[in-house]
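Here the structure comes first, spelled out in structure tokens, and everything after it is commentary.
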Amino acid sequence: MNQKYEAVIGLEVHAQMLTKTKAFCTCTTEYGSLPNTNTCPTCLGHPGALPVLNKSLVDYIIKMGLATNCKIRPISTFSRKNYFYPDLTKGYQISQFEDPICYDGKLEIELDDNSKKTIGITRIHMEEDAGKSIHDLDIDTLVDLNRCGVPLIEIVSEPDIRSAHEAYKYLMNIKQIVMYLGICTGNMEEGALRCDANISVRLRGAEKFGTKAEVKNLNSFRNVEKAIEFEINRQIQILEDGGRVAQETRLWDGAKHETRSMRSKEFAHDYRYFPEPDLVKVNVSDSWIDSMSKEMPELPYARKQRLISQYSIPAYDAAIMVEDKYLADFYEEVCSKLVNKNERNYKHVSNWIMTEILRILSDKNVGINEVNFNTLHIAELIELFSEDLISSRIAKDIFPEMISDGKSPKDIVKEKGLIQVSDSSAIDAIVQKVIADNPDTIEKYKAGKTNVMGFLVGQVMKEMQGKANPKIVTDLVKAILEA
Ligand SMILES: [Zn+2]
């Protein structure tokens, strides 16, 4: 990016709420039903059908407001956002406009250099989703209205974000929070979390904002970073060439790695917002807010700090564990099953997760909550090598069998005779043999080529089929050579 310029970015994040029923009717929000089966007169907008607000939606948004340091408005209202689209049979979306329920919040993000930055949150409001148009299954466009009326919250940030990377971090924080709160799956690829970015650039030091473009269709975390990066550079290029950035809505094309113009940007007044006459005001009492704050779980940042202090693992490890709530749960569950609960073993558990477990998950492209690992067996395995009963190499070798057959690592090790030999006299016999078999190597060592020791240790390990305790082997070989 050209250093003469500075980017100004605000994000609008839509999160689909995990309520059982829709925002204003009793239709199920279940995903994957046959098209147009989860519908009723209310969510289809039939004449005379009246919406009733789902209380769980208010519970969830209050929790999100509390988690992002927002003020909660005692009285808020709904409005109609009017526009025509084939998948919006009502001709309007019920949303909150003038007085969103949550406002004036903030979120602290931690950047890669460990510095912290606060991003303001302008507002969080409730709204309903529209249906889905399907263009690629038939020569005609098909419409599935199951999603009509599914509850969303929209989290609007202040234009405090200055780079694609900060946007990524902010979005990651939002994702973690909604997952920890249990109000949204946080899955961007499935559309449960959606993000639009308002991007403009200005000369560094300038006060006035440049003209912004809104970029839509950022359907993965990687795309958010790429699309913002692309858009910043596109706008800088226009300014450098003496042109003017147009206020417009642009779509990210993930295949071509570029944003392209979709339509000129609409303004709020284009939607003819007006108060929704079919819904009463939302009254949130202090006691309602109190009862929600009592239900608040430990949030990612607090959990990270606790993992560091409770298990003495490095901040780096803790950050990886808390990134996914289920991974942090898994870490703590394995730790709870250790016989010897000490710092050394806690660190072994996080190492094992960061290497072996995450590799399996990435190979299978699944989340930790989708795999049924036996946490007791994993704790056993970790203690076997932590106590030098098996080498870490053997631990890695038997891990696949442990998972596929559900056998305990102790049984596998016993069956295959893999217990590491730590009995010095047994090892010593082999060391003596290897030394006797390699007089040339011993000469080289005595002549100053001390690196041949690795070869001798390797020979002993080979003779003992990898089962000798490598530290004891090294000590014995060294003792003889230096005698
Ligand atoms: Zn319905």
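One residue alone among LEU327, LEU299, LEU251 is in contact with a strand residue (DSSP E or B) (Cβ under 8 Å, 6 or more places away or on another chain) and within 26 Å of GLU225 (Cα to Cα), and that residue is LEU251.
The number of residues in the stretch 108-131 that are buried (at least 23 other Cβ atoms within 10 Å of the Cβ) and in contact with a Gly (Cβ under 8 Å, 6 or more places away or on another chain) comes to 4. With respect to the stated conditions, ALA395 fails to be touching a Leu at 6+ places or on another chain (Cβ under 7 Å), crowded, with 17+ Cβ neighbours inside 10 Å and modelled with pLDDT of 90 or more.
Take the residues of the stretch 42-55 that are modelled with pLDDT of 95 or more and touching a strand residue (DSSP E or B) at 6+ places or on another chain (Cβ under 9 Å): which is nearest to the ligand (Cβ to nearest atom)? Result: CYS43.
Among the residues of the stretch 438-483, the ones that are surrounded by 12 or more Cβ atoms within 10 Å (Cβ to Cβ), under 46 Å from the mean Cα position of the chain (by Cα) and part of a loop (DSSP other than H, G, I, E, B) come to 4 in all.
Is it the case, given these coordinates, that GLY417 is surrounded by fewer than 16 Cβ atoms within 10 Å (Cβ to Cβ), modelled with pLDDT under 90, among the small types (Gly, Ala, Ser) and not assigned by TED's automatic domain parsing to the domain that holds LEU338? I'd like the intermediate steps shown before the answer.
On the way: surrounded by fewer than 16 Cβ atoms within 10 Å (Cβ to Cβ): yes; modelled with pLDDT under 90: yes; among the small types (Gly, Ala, Ser): yes; not assigned by TED's automatic domain parsing to the domain that holds LEU338: yes.
Yes, satisfied.
Here the stretch 30-41 is the region considered, the condition is being near the ligand (Cβ under 10 Å from one of its atoms) and touching a residue at least 40 places away in the same chain (Cβ under 8 Å), and the residue that is surrounded by the most Cβ atoms within 10 Å (Cβ to Cβ) is ASN38. Within the stretch 132-173, the set of residues being crowded, with 18+ Cβ neighbours inside 10 Å, within 19 Å of GLY91 (Cα to Cα) and not small (Gly, Ala, Ser) comprises ASP144, LEU145, ASN146, ARG147, CYS148, VAL150, PRO151, LEU152. Kindly evaluate LEU88 against the criterion of being among the hydrophobic types (A, V, I, L, M, F, W, C), more than 30 Å from ARG162 (Cα to Cα), within 16 Å of the ligand (Cβ to nearest atom) and touching a Phe, Trp or Tyr at 6+ places or on another chain (Cβ under 9 Å). No. The listed residues are VAL421, VAL413, and the only one of them that is in contact with a strand residue (DSSP E or B) (Cβ under 6 Å, 6 or more places away or on another chain) and of a type in the set (A, V, I, L, M) turns out to be VAL421.
Which of the residues that make up the stretch 139-162 are more than 16 Å from the ligand (Cβ to nearest atom) and either assigned to a helix (DSSP H, G or I) or modelled with pLDDT of 95 or more (or both)? Please lay out each step first, then the result.
Step one: filter the stretch 139-162 for residues more than 16 Å from the ligand (Cβ to nearest atom), giving 139-142, 153-162.
Matches in the stretch 139-162: ILE153, GLU154, ILE155, VAL156, SER157, GLU158, PRO159, ASP160, ILE161, ARG162.
Looking at the stretch 14-21, is at least one residue at pLDDT 95 or above, in contact with a helix residue (DSSP H, G or I) (Cβ under 7 Å, 6 or more places away or on another chain) and among the basic types (Lys, Arg)?
The first filter runs over the stretch 14-21 and keeps only residues at pLDDT 95 or above, leaving 14-21.
After this cut, where a residue has to be in contact with a helix residue (DSSP H, G or I) (Cβ under 7 Å, 6 or more places away or on another chain) as well, the list is 15, 17, 19.
Still in the list and also among the basic types (Lys, Arg): none.
Scanning the stretch 14-21 turns up no residue that is at pLDDT 95 or above, in contact with a helix residue (DSSP H, G or I) (Cβ under 7 Å, 6 or more places away or on another chain) and among the basic types (Lys, Arg).
Of the strands (runs of 3 or more DSSP E) lying entirely inside the stretch 43-124, the ones with 1 or more residues being farther than 22 Å from VAL280 by Cβ, over 21 Å from the mean Cα position of the chain (by Cα) and assigned by TED's automatic domain parsing to the domain that holds CYS27 are found at 102-110. Checking the structure you have, find out if any residue of the stretch 12-28 is within 16 Å of the ligand (Cβ to nearest atom), without any contact (Cβ under 8 Å) to a residue 40 or more places away in the chain, in a loop (DSSP other than H, G, I, E, B) and polar (S, T, N, Q). Yes, there is a match, as at least one residue in the stretch 12-28 is within 16 Å of the ligand (Cβ to nearest atom), without any contact (Cβ under 8 Å) to a residue 40 or more places away in the chain, in a loop (DSSP other than H, G, I, E, B) and polar (S, T, N, Q).
The values are calculated or read from the model by the stated rules, or taken from the named source; none is laboratory data. Since the structure is predicted, the reported quantities are computational estimates derived from the model, not experimental observations. We place every Cβ from the backbone using ideal geometry, glycine too, and count neighbours over all the protein chains shown.
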